[in-house]
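Read the structure below first, then the notes.
The values are calculated or read from the model by the stated rules, or taken from the named source; none is laboratory data. Because the structure is a prediction, the values reported are computed rather than measured. Using ideal geometry, Cβ is built from the backbone for each residue, glycine included, and neighbour counts are taken over all protein chains shown.
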Amino acid sequence: MENAAEKQMLWGHPRGLYTLFMTEFWERFSFYGMRALLVLFLIAEVESGGFGFTTEKAASIYGWYTSLVYMTAIVGGWVADRILGLYRAVFVGGIIIAAGHFCLAMGSVELFFVGLALIIIGTGLLKPNISSMVGTLYGKNDPKRDGGFSIFYMGINLGAFIAPLICGTLGQKYNWHYGFGAAGVGMLFGVLQFTWGRKYFSQERIDLKKDKVEEIEKAGKYKYTTEEKMKIAAICVFFIFSSLFWGAFEQAGSSLNIFADQLTRTSLFGFDFPSTWFQSLNPVFIIALSPVFAWAWVALGKKEPSSPAKFAFGLVFVGLGFFLLAFGAMFTGGGESLVSPLWLVGVYLLHTIGELCLSPVGLSMVTKLAPARLVGSMMGVWFLSISLGNKLGGIAAGFFETLPLPTLFGAVGLTTTVAAVVLVLVMKPIKKLMGDVH
C-alpha cells in the first residue's frame, strides 16, 4: 500500500516541485513576454504607438528596470524570512506582478511607469522565495536536490520560450498593449495554480513560525560559526563573477534585441517573423541542452568540474558569444546592411551553454552554502548580483549608437574572458571557503 511520503512524490521528485515549476513558468512567461517588447516599444515612434525615446534613454530605463527587479529580491527575501513566510511572499508577489502588467497595457505614460514599479516590487517578493521553496522540498544532502533545481529551471525556460512567440507577436503585429496584457493574464494563471498546489508543501517549512523569528533574531547578533562565515564569504566571491556574467548575458533584451530588430534579416527560408522571436532562441537551446548537461555531469563522475570551474566555463562561453557577434557586426556596413539571422542563432547557442554552466549551479550552491535560517535573505543577495549585472548591461547597451558595434561587443567579450581567467587563478582558495560544498 502506498504510504504518505510516496503519495507526495511524482516521477521521483516531490509533487510540490511541479507546482513551483508551473508557477515559475507563468511568472517567466509574463517577465520575458514584457521584456521582449520593452525596449522596442520605448524606441518606437509615437505614431506607431510607442514612446519615441532615444536608444540611449530606452537602454537606461531597461537597465534600471531589470536591475531593480532583481535588487528588490534582497528585500523580498528579508520580508519572507521575517514577516510573510515563503508561500505568502510568492502569492502576494504574483498578484502585484499581474497588476503591473495590466497597468502597462492601459496605454498611459504615467500608468506605464506605475506598472514597471509594481512588477519590480512583485518580482522582488516572488523570485528569490520561489527558488527557496524548491530548496525546502529536499534534505540538505539529498542527491536529487540539484536535479530538482534543473527541472525547476526548465519551467523558467519553457515560459521564456513561449512568451516572445505570443506576447511578441501580439505586440509587434497588432498592438503593443495586447502583448503587455497577455503577460498579465499569464501571471494570473500562475497565481491560480500556485494556490491550488499549496497542499503539496510542508506548511512548517513555507509559513513563518514564531520560533523561526526568534532563531533569526538570535542569529541577528551575528554569532556565526567560522564555517558559516567562510561559506558566506564564498557566496560573496561568486557574487562578483555572477554580476559580470549577467552584465553580458542580459543584453539579450537590450543591445541584442535592437541588433535583431534593426540589423538582422527577420526572414528564413522565405518565412518572415517578428524580431522578438529571437528572444525564444535561448530557452529553446536550454530545453534541448539541459538533459545533455545533466547526463554529462553524472557521466563524468569524479571528474565532474567543481562549481567554480563551471562558473569559469560560463564566463568563457558568454564571452565567445560576443566575440562572434563582434565579427558578425562587421558585415552590417555601419548599419547599411542586414546580416543573416544565423549570427544570432550562434550567439544564443554559445550564451546558452554558458548559462547552463553557471545559472542553475549558482541557485543550488546558494541554498547549500547559506545558513538555513537565512536562506531567503541570502537568495535575495544572490539575485542582487543579477541586478548589478542588468545595470551593467544597460550601461553597455547605451553605447549601441555611439560606438562601432564590433568594438562594443568585443569589449564585452574581453571583459568576461578576463574574468574567467581571474576565477581560475583564485579557484583553490575559493574551494577552501566552500568547505564541504562542491
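What residue, of T407, T402, is within 30 Å of G328 (Cβ to Cβ), modelled with pLDDT of 90 or more and not small (G, A, S)?
Residue meeting the stated conditions: T407.
For residues that are of a type outside the set (A, V, I, L, M, F, W, C) and surrounded by 12 or more Cβ atoms within 10 Å (Cβ to Cβ), scanning just the range 296-311, find the one that is nearest to G253 (Cα to Cα).
Only one residue tops the list, namely K310.
Taking into account only those residues within the range 104-118 that are of a type outside the set (A, V, I, L, M) and buried (at least 16 other Cβ atoms within 10 Å of the Cβ), which is nearest to S48 (Cα to Cα)?
F112
Are there any pairs, at least 6 apart or on different chains, whose C-beta atoms fall under 6 Å, with the first in the range 321-342 and touching a residue at least 24 places away in the same chain (Cβ under 8 Å) and the second in a loop (DSSP other than H, G, I, E, B) and of a type outside the set (A, V, I, L, M, F, W, C), and if so, which?
Hits for this filter: L338/R265; P341/R265.
Out of all the residues in the range 268-295, which are of a type in the set (G, A, S), surrounded by 13 or more Cβ atoms within 10 Å (Cβ to Cβ) and out of contact with any Gly (no Cβ under 9 Å at 6 or more places or on another chain)?
Of everything in the range 268-295, just one residue is of a type in the set (G, A, S), surrounded by 13 or more Cβ atoms within 10 Å (Cβ to Cβ) and out of contact with any Gly (no Cβ under 9 Å at 6 or more places or on another chain), namely S290.
Going through the range 171-194 one residue at a time, which ones are under 23 Å from the mean Cα position of the chain (by Cα) and either closer than 12 Å to T276 by Cβ or among the polar types (S, T, N, Q) (or both)?
Within the range 171-194, G171, G179, Q193 meet the criteria.
Any residue in the range 15-42 that's within 26 Å of G398 (Cβ to Cβ): show its pairings with residues that are surrounded by fewer than 24 Cβ atoms within 10 Å (Cβ to Cβ) and among the charged types (D, E, K, R) at Cβ separation under 7 Å, as long as the two are six or more apart or on different chains.
Sorted first by the residue in the range 15-42, then by its partner, the pairs are L40/D261.
Only one of (1) under 24 Å from W64 (Cα atoms); (2) modelled with pLDDT of 90 or more is not met by M378, so which one is it?
(2)
Please go through the range 367-399 and pick out each residue that is buried (at least 21 other Cβ atoms within 10 Å of the Cβ) and assigned to a loop (DSSP other than H, G, I, E, B).
Result: A370, G398.
Are any of the residues in the range 254-268 aliphatic (A, V, I, L, M), more than 17 Å from G393 (Cα to Cα) and not in a helix (DSSP H, G or I)?
yes
On the given criteria, is I83 at pLDDT below 90, of a type in the set (A, V, I, L, M) and assigned to a helix (DSSP H, G or I)?
Yes; evaluated as a whole, the condition is true for this residue.
Mind checking which residues of the range 259-287 are modelled with pLDDT of 90 or more and among the aliphatic types (A, V, I, L, M)?
A260, L263, L281, V284
Conditions tested, residue by residue: (1) at pLDDT below 55; (2) in a helix (DSSP H, G or I); (3) charged (D, E, K, R).
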| residue | (1), (2), (3) |
| --- | --- |
| E204 | yes, yes, yes |
| E227 | no, yes, yes |
| A233 | no, yes, no |
| C236 | no, yes, no |
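Go through the range 123-180 and give me each residue that's surrounded by 22 or more Cβ atoms within 10 Å (Cβ to Cβ) and out of contact with any helix residue (DSSP H, G or I) (no Cβ under 8 Å at 6 or more places or on another chain).
none
Considering the range 274-306 alone, what residues qualify as being outside any loop (DSSP other than H, G, I, E, B), charged (D, E, K, R) and touching a helix residue (DSSP H, G or I) at 6+ places or on another chain (Cβ under 9 Å)?
Within the range 274-306, no residue meets the criteria.
Has the range 241-264 got any residue that is of a type outside the set (D, E, K, R), farther than 30 Å from F180 by Cβ and touching a residue at least 24 places away in the same chain (Cβ under 8 Å)?
Within the range 241-264, one or more residues are of a type outside the set (D, E, K, R), farther than 30 Å from F180 by Cβ and touching a residue at least 24 places away in the same chain (Cβ under 8 Å).
Can G76 be described as modelled with pLDDT of 85 or more, assigned to a helix (DSSP H, G or I) and within 15 Å of the chain's Cα centre (by Cα)?
Taking the combined requirement at face value, the residue does not satisfy it.
Consider G100 carefully, then state whether it is touching a residue at least 12 places away in the same chain (Cβ under 8 Å), of a type outside the set (S, T, Y) and part of a helix (DSSP H, G or I).
Considered against the rule, which asks whether it is touching a residue at least 12 places away in the same chain (Cβ under 8 Å), of a type outside the set (S, T, Y) and part of a helix (DSSP H, G or I), G100 comes out as yes.
Please indicate, with yes or no, whether at least one residue in the range 151-169 is assigned to a helix (DSSP H, G or I), among the aromatic types (F, W, Y) and at pLDDT below 80.
Yes; the residues of the range 151-169 include at least one that is assigned to a helix (DSSP H, G or I), among the aromatic types (F, W, Y) and at pLDDT below 80.
This table checks each residue for (1) at pLDDT 85 or above; (2) of a type outside the set (V, I, T).
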position: T54; (1), (2): yes, no
position: F91; (1), (2): yes, yes
position: E110; (1), (2): yes, yes
position: V114; (1), (2): yes, no
position: A117; (1), (2): yes, yes
position: S131; (1), (2): no, yes
position: G139; (1), (2): no, yes
position: D142; (1), (2): no, yes
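Which of the residues that make up the range 294-320 are out of contact with any Leu (no Cβ under 8 Å at 6 or more places or on another chain), within 18 Å of A419 (Cβ to Cβ) and free of Cβ contacts under 8 Å to residues at least 60 places away in the same chain?
Scanning the range 294-320 gives a single hit, P305.
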